[in-house]
1. With under 18 Å from Glu146 (Cα atoms), assigned by TED's automatic domain parsing to the domain that holds Arg182 and small (Gly, Ala, Ser) as the only criterion, which of Ala290, Ala251, Ala300, Ala267 stands out?
2. Which members of the range 251-278 meet the condition of being surrounded by fewer than 17 Cβ atoms within 10 Å (Cβ to Cβ), under 26 Å from the mean Cα position of the chain (by Cα) and assigned to a strand (DSSP E or B)?
3. If Leu288 passes every condition in (1) of a type outside the set (S, T, N, Q); (2) more than 21 Å from Arg182 (Cβ to Cβ); (3) in contact (Cβ under 8 Å) with a residue 24 or more places away in the chain; (4) part of a helix (DSSP H, G or I) but one, which one does it miss?
4. Quick one: would you say Pro155 is modelled with pLDDT under 90, closer than 18 Å to Phe145 by Cα and either aromatic (Phe, Trp, Tyr) or crowded, with 18+ Cβ neighbours inside 10 Å (or both)?
5. Which of (1) surrounded by 22 or more Cβ atoms within 10 Å (Cβ to Cβ); (2) more than 30 Å from Ile278 (Cβ to Cβ) is the odd one out, the single condition Glu185 does not satisfy?
6. Does any residue of the range 231-250 turn out to be part of a strand (DSSP E or B), under 25 Å from Leu292 (Cα atoms) and not hydroxyl-bearing (Ser, Thr, Tyr)?
Amino acid sequence: MNDLKQTIATLRSSFIQALEQVGTLQELEHVRIAFLGRQGQLASIMSCMKNLSLEEKKLCGPLLNELKQTSEQLFNVKKEALEQQNRQQELKKKQFFDVTAYRAEPFKGGLHLYSHIIQELEDIFISMGYQVVDGPEIETSFYNFEALNIPQDHPARDMQDTFWLTLPGYLMRTQTSNVQIRTLEKQRPPVAIISAGRVYRNEATDASHDFMFTQLECLVVDKTISLSNLLGTTQTFLQRVFGNEKLKIRARPGYFPFVEPGIEIDASCLFCTDGCSICKRTTWIELLGAGLVHPNVLRACGVDPQEFSGFAFGMGIERLAMLKHGITDIRLFHGNSLSFLRQF
């Protein structure tokens, strides 16, 4: 009995001494847990009450209740004092501060992935002797369709879901091939050009399709241009893009109204040698649409197809970038995710 009273008195003294040494709210919380918590010293003493007789409980019970109430009051007083101290310190910081003591880290901007990949593609072709040209995104039906051997009743128009403008005869270009026509009208062969820019298709957006994307178009017109020139150029270009001198290509028949013959060019899979999910177990990845320039296209530009020939090919820039950098969703290109954009 006397031992319990002595323990209560010792606990009171220890608790008061611990409160006096506290300087922060975090330290105060440690004191609370040690003395007043569920596993604290006060709870440990109160658990001993069950072993006392009825008379002893009548004497020690009030002492423990008084200790608990007093301890909680002292704790609350100390907590309020520390909170008031923190408020005053924060107020002083706002009233008196040194503007030279802190300098915010400036936000570092950078080029968009589009700019990176387009500059890389242009550098490759410039090193091969090509000229970089540009053309309008709002185009007439003539330059987007008719001059490219796609008359009004041609079924190929159904292959491209077009954004037509309210201004009659004008549309958002569906391909960068319009630059070919405008260049050949102004520049006589020999011609070796590339053009990169936005194109528009009225279609649903998903992980691999978007209503706006970018294309790269290549055109060469000169005397005695053949498929061998086309295949050699595309293989060299793709090897440079992906940094793989062992990259192989293959050509398959394909249909495009503005070339004859038309071919589709595949590259050996960049990720496997015996088939994977990306190449659909074929070990080949489709990359380019290409072919020899159709004689009707040359005639529309005032170029004699009996004297000159040429090749052209085009590709989606996003597709190249997605394969090169392992990007799985085309919508990231037009999103505002800084975590994605800062990678490049």
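The values are calculated or read from the model by the stated rules, or taken from the named source; none is laboratory data. Keep in mind it's a predicted model, so treat the numbers as computed, not measured. Methodologically, a virtual Cβ is constructed for each residue, glycine included, from the backbone with ideal geometry; neighbour enumeration extends over all protein chains shown.
1. Of the residues listed, the single one that is under 18 Å from Glu146 (Cα atoms), assigned by TED's automatic domain parsing to the domain that holds Arg182 and small (Gly, Ala, Ser) is Ala300.
2. Hits for the range 251-278: nothing passes.
3. (4)
4. Spelling it out, it is not the case that Pro155 is modelled with pLDDT under 90, closer than 18 Å to Phe145 by Cα and either aromatic (Phe, Trp, Tyr) or crowded, with 18+ Cβ neighbours inside 10 Å (or both).
5. Condition (1) is where Glu185 drops out.
6. Checked the range 231-250: at least one residue is part of a strand (DSSP E or B), under 25 Å from Leu292 (Cα atoms) and not hydroxyl-bearing (Ser, Thr, Tyr).
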